[in-house]
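Worksheet for the structure shown next.
The values are calculated or read from the model by the stated rules, or taken from the named source; none is laboratory data. Since the structure is predicted, the reported quantities are computational estimates derived from the model, not experimental observations. Cβ sites come from the backbone with ideal geometry, for glycine too, and all protein chains shown count toward neighbours. When the accessible area is computed, the model is the full protein with side chains, heavy atoms only, and any ligands, DNA or RNA have been set aside. Shrake-Rupley method; radii C 1.70, N 1.55, O 1.52, S 1.80 Å.
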Amino acid sequence: MKVRYSYLAQQFGDCDDLWQQLREFVPTGDFTLGKPLAEFERRFAALIGTRHAIGVNSGTDALKLSLKALGVGHGDEVITAANTFVATVGAICELGAVPIFVDCDDSFCMDVAKLEAAISPRTKALLPVHFTGYMTDMRRLMPIAERRGLPVVEDACQSIAGALDGRNAGTWGNAAGFSLHPLKNLNVWSDGGVIVTNDDALDRSLRLLRNHGLADRDTVVVMGHNSRLDTFQAVVGNWLIPKTQAITDQRIANARFYDEHLGKLRQISIPRRIPAMRCVYHLYIVFAEDRDALLAHCIARGVEAKVHYPVPIYRQPALKHLGHREGDFPVADRHAREIISFPCDQHLSEDEKRYVVATVAEFYRGR
Ligand SMILES: *Cc1c(COP(=O)(O)O)cnc(C)c1O
């Protein structure tokens, strides 16, 4: 059996209703900041529970423009997590700012207990990452941010519909960035991203920044960017929004199945599940003994397991000028050695899930 990681062919193989909507949209020619985009922004804001949502061309730009609108610029320090997708750190670096890392805990997110030690007089903003679909402990992070007068941008790219204490990812900080990349939980047919905020002034700045700083056709009030969400993709987004709940529920159900069955294996350790948190399992990750051999075994048996990531971002060659060395963030380092990700999407069949479990069990049998 083959258990693939990407499910896009299944998700979009049979969607005549969406094709019909696109066929109706294209002849309108309303491609740039068009009506379906405004509708998508309204519905996305309602989904997350914020006053505003601003469509941009990627999750990376959602983070970059949010930081920029909050005043982050050259030489400023922005604090983020030591293990995240490159884009979090890329957004900081694109502004000429300096990423300052804080180690993770076993929720794969920033260990907030270590945050204060990383704050310096040059710190300009905090960029916690709700990595894998877990959430950073915002209950402890926000009081620190408020006491230190630091704005917060949530990297919620992997946590659409996630929540902590019943409060959604993206509603805690000054702004939050989401990604609509094809591999994310709410995925359009190209790059795309969304910023959410409750701050009216920030909303106005962000709408300028994403569209060349144009207040109207002839007036440039700030130098901005070309970072609009394509209206074509907003049509896809509008088709997806009503499915978000079902997609999320299925991922959570898949994770429960894996937790129950993989948890019986002595060599597999399930990360602590946090009752107050709705984890949306963008990635389903467990800790595995003899991880590299298990990964090779899974691949050989047709299970497309992955590691997110074998080398944490803080140790990547592109950041060697920061002077970090292996051991600086020991939890992120341990994760890099022990974690493995299994397919967990809404299109997995019961047989596929059982095959994943059986493949892992087979590897450890007799060990
Ligand atoms: C995907 C992702 C991003 C960037 O999103 P893009 O839409 O690919 O630019 C940023 N941060 C995290 C944690 C992500 O997973």
With the first residue restricted to the range 172-188 and required to be outside the structural domain of Arg251 (by TED's automatic domain parsing), and the second required to be at pLDDT 95 or above and of a type in the set (Asp, Glu), Cβ contacts under 7 Å at 6 or more apart or on different chains are Trp172/Glu154; Gly173/Glu154; Asn174/Asp199; Ala176/Glu154; Gly177/Asp155; His181/Asp191
Does Leu33 qualify as being part of a helix (DSSP H, G or I), modelled with pLDDT of 95 or more and either away from the ligand (no atom under 16 Å from the Cβ) or within 30 Å of His324 (Cβ to Cβ) (or both)?
no
Condition test on Asp17, is it under 18 Å from the mean Cα position of the chain (by Cα), outside any loop (DSSP other than H, G, I, E, B) and among the charged types (D, E, K, R)?
no
Which listed residue, of Asp76, Asp14, Asp61, is modelled with pLDDT under 95 and not aliphatic (A, V, I, L, M)
Asp14
Just checking, does the range 267-289 include any residue being under 22 Å from Ser179 (Cα atoms), of a type in the set (Gly, Ala, Ser) and open to solvent by less than 40 Å² (accessible area, probe 1.4 Å)?
no
Count, please, the residues in the range 182-203 that happen to be within 9 Å of the ligand (Cβ to nearest atom) and buried (at least 21 other Cβ atoms within 10 Å of the Cβ).
2
Would the range 53-70 turn up any residue that is out of contact with any Ser or Thr (no Cβ under 9 Å at 6 or more places or on another chain) and either within 16 Å of the ligand (Cβ to nearest atom) or polar (S, T, N, Q) (or both)?
yes
Given the range 80-165, what strands (runs of 3 or more DSSP E) lie entirely inside it while holding 2 or more residues that are closer than 25 Å to Asp345 by Cβ?
153-155
Scanning the range 80-94 for residues that are among the hydrophobic types (A, V, I, L, M, F, W, C), crowded, with 21+ Cβ neighbours inside 10 Å and under 22 Å from Ser58 (Cβ atoms) gives Ala81, Ala87, Val89, Ala91, Ile92
Suppose the filter is among the basic types (Lys, Arg) and assigned to a helix (DSSP H, G or I); does Arg367 pass it?
no
Given the options Arg147, Arg140, Arg122, name the one that is without any contact (Cβ under 8 Å) to a residue 24 or more places away in the chain and open to solvent by 20 Å² or more (accessible area, probe 1.4 Å).
Arg147
For the range 1-32, give me each residue that is in contact with a helix residue (DSSP H, G or I) (Cβ under 7 Å, 6 or more places away or on another chain) and of a type in the set (A, V, I, L, M).
Met1, Val3, Leu18, Leu22
Looking at the range 104-119, which of its residues are open to solvent by 10 Å² or more (accessible area, probe 1.4 Å) and not polar (S, T, N, Q)?
Asp105, Asp106, Asp111, Ala113, Lys114, Glu116, Ala117, Ala118, Ile119
List, please: which pairs have Cβ atoms under 8 Å, are six or more places apart or on different chains, and start with a residue in the range 224-246 that is basic (Lys, Arg) and end with one that is surrounded by 20 or more Cβ atoms within 10 Å (Cβ to Cβ) and assigned to a loop (DSSP other than H, G, I, E, B)?
Arg228/Asn57; Arg228/Arg210
Residue satisfying condition, being at positive phi and without any contact (Cβ under 8 Å) to a residue 60 or more places away in the chain, within set Gly49, Gly90, Gly73, Gly96:
Gly96
Only one of Val89, Val152 that is touching a Pro at 6+ places or on another chain (Cβ under 9 Å), away from the ligand (no atom under 12 Å from the Cβ) and of a type in the set (A, V, I, L, M, F, W, C)
Val152
